[in-house]
Amino acid sequence: MWKKISLVVLVAFIALTAVSQVEARKNGTVVLTFDDVRKNVYTNAVPILDELGFKATFFPATSWMNELEYMTEEQIKKLFDEGNEIGCHTRNHISPLELDYDGLVDEIEGARADLEAIGVTMSKSFAAPFGEYNPAVIAQLMVDGVINCNRHAFQGDGLAFNKPKTFNPVEVIVVSVRSYTSLNWLRRLVSKAGDRGWILVLVFHGDDKVPADEYDMRHRNFTRLMYHINWWANEKSGPRIDVLTLAQAIEKYKR
Ligand SMILES: [Zn+2]
């Protein structure tokens with residue numbers, strides 16, 4: 001009799017442990033980032049983000065603020081005040097590979113000063129202009145202590161994700177979205193991040209009804225992608241996705 005009961009208890013214990021291990025797995029994560037902060041992102045993408053309650057990470061090249069195709073200072077300030085992250089994309093959009101140490105620090109500190117002047121605190125996230133950087137640049141950034149994050153763009157299913165155990169804030173893997181990027185492929189990446197508990201960081205540039213160049217995503221596709229993410233974030237049962245800023249994602253996976 002007791003043997004039977006203890007067996008039942010043991011089986012129940014093992015089953016409960018298995019369930020709690022599944023439950024203990026963290027949600028997947030999607031991070032939405034926007035390089036250069038084109039004006040059409042403010043006009044077209046931000047209203048969808050607001051509607052769905054998503055916060056994003058914006059990377060302005062600060063000398064471009066107020067120029068015709070880019071956001072104004074007021075718009076960037078408003079995004080910041082509403083809880084979005086404003087990161088560093090340098091002041092003049094110069095490849096870090098073309099700068100020596102002092103030049104790089106000037107570009108970063110210049111961007112920080114430009115943002116401070118409009119009441120925006122620049123985060124520690126760094127998006128290298130043209131995606132160009134190397135280990136020396138990362139070392140410079142880290143020694144200076146101004147920035148803790150860089151990114152490396154890969155394409156292809158297997159290489160598109162950051163994994164929780166190996167998530168490296170100094171070299172975040174990103175997927176750069178272009179006008180020709182397949183919506184179905186992007187939706188599949190989102191679902192995979194949700195299914196496996198992985199981290200997907202998307203880089204957008206522009207969002208327009210009809211793409212003016214390869215950096216604009218077609219607005220209809222952007223909207224569909226955001227609704228797919230919203231289904232994973234808020235509507236489905238079972239494993240979910242957290243939509244986070246880059247700084248929030250780094251905090252979530254900090255070891
Ligand atoms: Zn850029």
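Computed from the coordinates by the stated procedures, all read-outs in this text should not be read as laboratory data. Everything quoted here is computed from the prediction, not taken from an experiment. All Cβ positions, glycine included, derive from the backbone under ideal geometry; neighbour counts span all protein chains shown.
Given Pro129, Ser237, Val174, which one lies farthest toward the positive end of the charge dipole of region 26-252, if we put +1 on the Cβ of every Lys and Arg and -1 on the Cβ of every Asp and Glu?
Ranked along the dipole, the leading option is Ser237.
Would you mind ranking Ser125, Ser182, Ser237 so that the residue whose beta carbon has the fewest other beta carbons within 10 Å leads the list?
By the 10 Å Cβ count, ascending: Ser237, Ser182, Ser125.
Given points 7 Å out from each Cα along the Cα-Cβ axis, report the Lys254 to Asn92 separation in nanometres with one decimal.
Going by the 7 Å Cα→Cβ label model, 3.5 nm.
What length, rounded to one decimal in nm, is gained on full extension from Leu52 through to Ala117, with 0.36 nm per residue of separation minus their alpha-carbon distance?
Separation in residues times 0.36 nm, less the Cα-Cα distance, equals 20.4 nm.
Excluding residues on the same chain fewer than 8 positions from Lys165, give the lysines whose Cα lies under 16 Å from its Cα.
Of all the lysines, those that pass the test against Lys165 - Cα under 16 Å, at least 8 places apart if same chain - are Lys26, Lys252, Lys254.
Give a residue-ordered list of calculated ³J(HN,Hα) values for region 82-95 (Karplus: 6.51 cos²θ - 1.76 cosθ + 1.60, θ = phi - 60°; whole Hz; x for Gly, Pro).
For region 82-95, the Karplus-derived couplings read 8, x, 7, 9, 10, x, 9, 10, 6, 7, 10, 6, 9, 4 Hz, x marking Gly and Pro.
Run the dipole for region 26-252 about the Cα centre, Lys and Arg Cβ at +1, Asp and Glu Cβ at -1, nothing else charged, and hand back the magnitude in debye, nearest 20.
Dipole size: approximately 1460 debye.
With a ≥ b ≥ c the root eigenvalues of the C-alpha gyration tensor of region 60-143, is it rounded (a/c under 1.5), prolate (a/b larger than b/c) or oblate?
prolate
On a full-extension model of 0.36 nm per residue, what is the gain between Trp185 and Glu67, subtracting their alpha-carbon distance, rounded to one decimal in nm?
39.1 nm
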